[in-house]
Amino acid sequence: MIWFLMVSVALWSFGALMKAPRSVRWAMIALLYGAIALALFVLPAGNPLAATIGVAPGEWLLLGGFAAIVLSYRQGLTWLKSRARPAHASAQTGTFSTTELDRYARHIMLREVGGPGQKKLKNARVLVVGAGGLGAPALQYLAAAGVGTIGVIDDDVVDNSNLQRQVIHTDARIGMPKVFSAEVAMLAQNPHITVRPYHRRLNESCAEILDDYDIVLDGCDNFDTRYLVNRLAVAAGKPLIAAALTQWEGQISLYDAAAGTPCYQCVFPKAPAADLVPSCAEAGVIGPLPGVIGAMMALEAVKAITGAGETLRSRLMIYDALYADTRIINAKPRTDCPVCGG
Ligand SMILES: [Zn+2]
């Protein structure tokens, strides 16, 4: 008996050393068991080999039967688990295909997202203003996360000088309108979503576009558009995730006046003088910074849609990339705000 166990362990170790699959190693042990069983039944009683094994043929069969029951119980459990998982997920999510379930599996297994959260993402409509530094990672991660409908508005075309940070665009697409370049990249990443490109500059007449969306992300590069997006979002009663960058510093918050939290203009009542805050083109910006803050915009959107955790409502996060420092500033709505006050 001890002899059989020792040979089995040796066989298993040798198999592992040779990188043989577990099934092959089990088969070798089963073969050894079978050979011993045959020997016990064929050899006459009192034979030296039978004496070495030290087990009666009946006992040997009983041992094999017990092992078979344990193994088939384990196999049965594994099979039941593999069947139960997709059935459970599809019951929660309804219309997801098997490919989508597999694609979003790492979301679905998160307690805070799960099947219902992924369904909310699929049904969500998010509008992104700007397909530049902040828009690029935000759009990519929204698409990958499975946000069902993503609108993107921008009047610019891809320029060589954008490619140091705007990772959604490529060298081959220089000269192409950014919204179409972003659309190509998003659908290449995830064909299970709808992308709506708006190749135009955001202006007052774009108000009705916001009605088609649940959340607005503002990654534009100038104060005029930033204040305009805020006015349109407050008028439409939509939450706004707005971010901005200068050189090594980024800031981001979720403004939701309809929920009683401050709007962008409550926190920034007046645009600074143009010469005080130079644009990225004038002052420069470190390449990975838009990636950090843009990905945070997508993350805040995912949290707002699924209801996971705490969003940046009423809180402004400032990230100083040069010294790897993060600060949070609490913000309150202003009763004298010309956009949301009164
Ligand atoms: Zn306000």
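The values are calculated or read from the model by the stated rules, or taken from the named source; none is laboratory data. From a predicted model like this one, the values you see are computed outputs, not experimental measurements. Here Cβ is always computed from backbone atoms with ideal geometry, including for glycine, and neighbour counts include all displayed protein chains.
Could you look through segment 314-332, keep only residues that are within 16 Å of the ligand (Cβ to nearest atom) and surrounded by 19 or more Cβ atoms within 10 Å (Cβ to Cβ), and pick out the one that is nearest to Tyr255 (Cα to Cα)?
Initially, segment 314-332 is screened for residues within 16 Å of the ligand (Cβ to nearest atom), giving 314-316, 329-332.
With surrounded by 19 or more Cβ atoms within 10 Å (Cβ to Cβ) added as a condition, the list becomes 314, 316, 331.
On the way: Ser314: 7, Leu316: 9, Ala331: 10 Å.
Taking the candidates together, the pick is Ser314.
Tell me, yes or no, whether segment 85-101 has at least one residue that is of a type in the set (A, V, I, L, M, F, W, C) and at pLDDT 80 or above. Looking through segment 85-101, at least one residue is of a type in the set (A, V, I, L, M, F, W, C) and at pLDDT 80 or above.
Table: residues versus (1) assigned by TED's automatic domain parsing to the domain that holds Asp214; (2) on the phi < 0 side of the Ramachandran plot; (3) in a loop (DSSP other than H, G, I, E, B); (4) of a type in the set (D, E, K, R).
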{"site": "Leu254", "(1), (2), (3), (4)": "yes, yes, no, no"}
{"site": "Ala274", "(1), (2), (3), (4)": "yes, yes, yes, no"}
{"site": "Glu282", "(1), (2), (3), (4)": "yes, yes, no, yes"}
{"site": "Tyr323", "(1), (2), (3), (4)": "yes, yes, yes, no"}
{"site": "Thr326", "(1), (2), (3), (4)": "yes, yes, no, no"}
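Within segment 267-290, the set of residues being under 24 Å from Ser314 (Cα atoms), at pLDDT 95 or above and in contact with a strand residue (DSSP E or B) (Cβ under 8 Å, 6 or more places away or on another chain) comprises Val267, Leu289, Pro290.
Checked against the criterion of being surrounded by fewer than 19 Cβ atoms within 10 Å (Cβ to Cβ) and aliphatic (A, V, I, L, M), segment 213-224 contains not a single residue that satisfies it.
No other residue among Gly135, Gly115, Gly146 is touching a residue at least 60 places away in the same chain (Cβ under 8 Å) and surrounded by 16 or more Cβ atoms within 10 Å (Cβ to Cβ) apart from Gly135. Exactly one residue out of Arg200, Arg226 is within 16 Å of the ligand (Cβ to nearest atom), more than 21 Å from Gly287 (Cα to Cα) and in the same structural domain as Pro269 (by TED's automatic domain parsing): that is Arg226.
Can you report the number of residues in segment 31-45 which are in contact with a Pro (Cβ under 6 Å, 6 or more places away or on another chain) and closer than 17 Å to Leu5 by Cβ?
1
Thr335: over 21 Å from Trp248 (Cα atoms), away from the ligand (no atom under 16 Å from the Cβ) and of a type in the set (Val, Ile, Thr), yes or no? No. Take the conditions (1) in contact with a Lys or Arg (Cβ under 9 Å, 6 or more places away or on another chain); (2) free of Cβ contacts under 8 Å to residues at least 60 places away in the same chain; Ile305 misses just one of them, which is (2). Report whether or not Ala273 is surrounded by fewer than 20 Cβ atoms within 10 Å (Cβ to Cβ) and either farther than 30 Å from Leu121 by Cβ or within 15 Å of the ligand (Cβ to nearest atom) (or both). Yes. Based on what the data block shows, is Thr246 within 16 Å of the ligand (Cβ to nearest atom) and either buried (at least 16 other Cβ atoms within 10 Å of the Cβ) or within 24 Å of Pro137 (Cα to Cα) (or both)? Against the criterion (within 16 Å of the ligand (Cβ to nearest atom) and either buried (at least 16 other Cβ atoms within 10 Å of the Cβ) or within 24 Å of Pro137 (Cα to Cα) (or both)), Thr246 does not qualify. Exactly one residue out of Ala259, Ala233 is within 23 Å of Asn330 (Cβ to Cβ), among the small types (Gly, Ala, Ser) and within 11 Å of the ligand (Cβ to nearest atom), and it is Ala233.
Within the set Val267, Val292, the sole residue that is within 15 Å of the ligand (Cβ to nearest atom), of a type outside the set (Lys, Arg) and assigned by TED's automatic domain parsing to the domain that holds Asn162 turns out to be Val267. Just one residue in the set Thr261, Thr246 is in a loop (DSSP other than H, G, I, E, B) and either among the polar types (S, T, N, Q) or in contact with an Asp or Glu (Cβ under 9 Å, 6 or more places away or on another chain) (or both); that residue is Thr261.
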